Amino acid sequence: MATQNSNIYSVSSLNRAAKSLLETSLGVVWLSGEISNLTIAVSGHWYFTLKDHNAQIKCAMFRGNNSRTGFTPKHGQQVLVRGKLSLYEARGDYQLIVETMAPEGDGLLKQQFEELKCQLAAQGLFSESLKKPLPEIIKRVGIITSSTGAALHDILSVLQRRDPRLQVVIYPSQVQGQGSAFSVASQIALANARNECDVLIVGRGGGSLEDLWCFNEAEVAYAIYRSQLPVISAVGHEIDITISDFVADLRAATPSAAAELVSQHKTFVSTQLDSLMTRLKQAMLNTMQHKIHQQSVLKQTLLQHDPKHKLQQQAQHLDEISLRLQHAMQQKCQQQLNLTNQLQNRLQQASPAHYIKIEQQKQQQLNRQLTQAILAKLNNSEQHLHHQMQQLHAFSPLATLARGYAIVKDTKGKVCTDASTLKTGENIQVTLDKGQINAQVI
């Protein structure tokens, strides 16, 4: 088959050309999809598949980029990514090199909500033991919300209808947009510094998650946590849950519901007055009955202090003590008898004769061991002495004479070791193994 060499690609060159074409043709792309097959390598790089109902694409996000995402994606999470199309030459895999990633839609806000919720819960800000009860009698209510919002109108309408006597202090605050969290937190701190209210209502009307977001900020949560005044969180509608709801001392489903919690209806106040009057009458009746009872008790006390009655009581008490003493003596005697029997049994079991026999056996054993040790020592000493005598005999001059040698001495008794020192005609004495010889040098 005829071919032109210029049109033949190697696998590497083809993949390289395809990679260049992909990277230059589309440039940066935005992609929405669901995370699957996520792998976090030891190097810190992320490898995953992004898919929708009909297709999927392999993706890689290197550590330098994924460290800036602020979260770790999970399997099944819907995300929005930005990246460049490329090709992994070694395997010919078509893939997207991801540069940025964020949860899609409200997912980011919800994720931030859950992360802050877990963080504050771990710090104990939601603990029930920190919840302050509302005062039994509320005279003045502080309201922290927008001065132009519907929430303030709803709260004031409910308070006016239910309890017109209740005083209200409004701390106007920004409740939406940039700087709103700081505004709400500052007004909470101001209300505490002025300390002119019995309770605070913090909230606003309904809206989207983003609209209500300042009540999910840590700044507002810590301000509520630090508040010495009881705080009621009243944000949005009943279905809206915010971080401030968890930190506050009490949550109200709506701003109107919060107003009902701090107010008492006029009819209820009237009913309370009637109830208090009834309780007062009952208390007076109870006091009278108590005084009558006290008088009866005093009479009984006087009777108990009568001398005759006192003597009878003492006599009866003396009889009881006598019986108890007699019973105690009997018990003590029986205990001593039992103890004596026990000691007698133990004494019989621990007979001195038994211990003497054991000690005698030990003494006999020690005597045998001592005799054996002495005999062994004598035998060793005898052998050692015999060995020493043999060594001494081996070095003795007598032993040397026994082997045929002789000792020559001059007339002065000095041992001669050199023949040149002797003169002709000089007398010498020769000592043999047995006997001596007097001789003359010739």
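Here, each number is a calculation from the coordinates, and none is a lab measurement. Being a predicted model, the structure only gives us computed values, none of them experimental. In this analysis, Cβ positions are derived from the backbone assuming ideal geometry, glycine residues included, and neighbour counts consider all displayed protein chains.
Which of LYS414/LYS434; LYS139/LYS291; LYS117/LYS139; LYS412/LYS434 have a Cα-Cα distance over 29 Å? List each step's numbers first, then the result.
On the way: LYS414/LYS434 20 Å; LYS139/LYS291 38 Å; LYS117/LYS139 33 Å; LYS412/LYS434 21 Å.
Table pairs above 29 Å Cα-Cα are LYS139/LYS291; LYS117/LYS139.
Please give the length that would be gained between ASP274 and ARG403 if that part of the chain were fully extended, namely 0.36 nm times their separation in residues minus their C-alpha to C-alpha distance (nm, one decimal). All intermediate terms of the calculation are to be shown ahead of the outcome.
On the way: separation 129, 0.36 × 129 = 46.44 nm, distance 14.88 nm.
Extra length from ASP274 to ARG403 when fully extended: 31.6 nm.
I want to check the label-to-label distance for PHE62 and GLU136. Put each point 7 Å from Cα in the C-beta direction and report it in nm to one decimal.
7.1 nm
In debye to the nearest 20, how big a dipole does the chain give about its Cα centre with +1 on each Lys and Arg Cβ and -1 on each Asp and Glu Cβ?
Details: 43 positive and 35 negative charges, 442 e Å.
In debye, rounded to 20, the chain gives about 2120.
For the chain, what is Rg from Cα atoms divided by 2.2 N^0.38 Å, rounded to two decimals? Write out the running numbers ahead of the final one.
Details: Rg = 57.9 Å, N = 442, 2.2 N^0.38 = 22.3 Å.
Taking N as the residue count of the chain, the ratio is 2.60.
Taking trypsin sites (Lys or Arg not before Pro) that fall in a DSSP loop and have at most 14 other Cβ atoms within 10 Å as cut points, what is the longest piece of the chain between them? Working shown, then result.
Details: sites that count: ARG68, LYS74, ARG91, LYS131, LYS139, ARG165, ARG403, LYS412, LYS414, LYS423, LYS434.
The answer is 166-402.
Please give the net charge around ALA376, taking every other residue with its beta carbon less than 14 angstrom from that of ALA376, where Lys and Arg add +1 and Asp and Glu add -1. Intermediate values should be presented prior to the final figure.
Values: positive: ARG368, LYS377; negative: GLU382.
Charge balance in the 14 Å sphere: +1.
Extension gain LYS291-GLN167, at 0.36 nm per residue separation less the Cα-Cα distance, in nm?
Numbers: separation 124, 0.36 × 124 = 44.64 nm, distance 4.33 nm.
Length difference between fully extended and current span is 40.3 nm.
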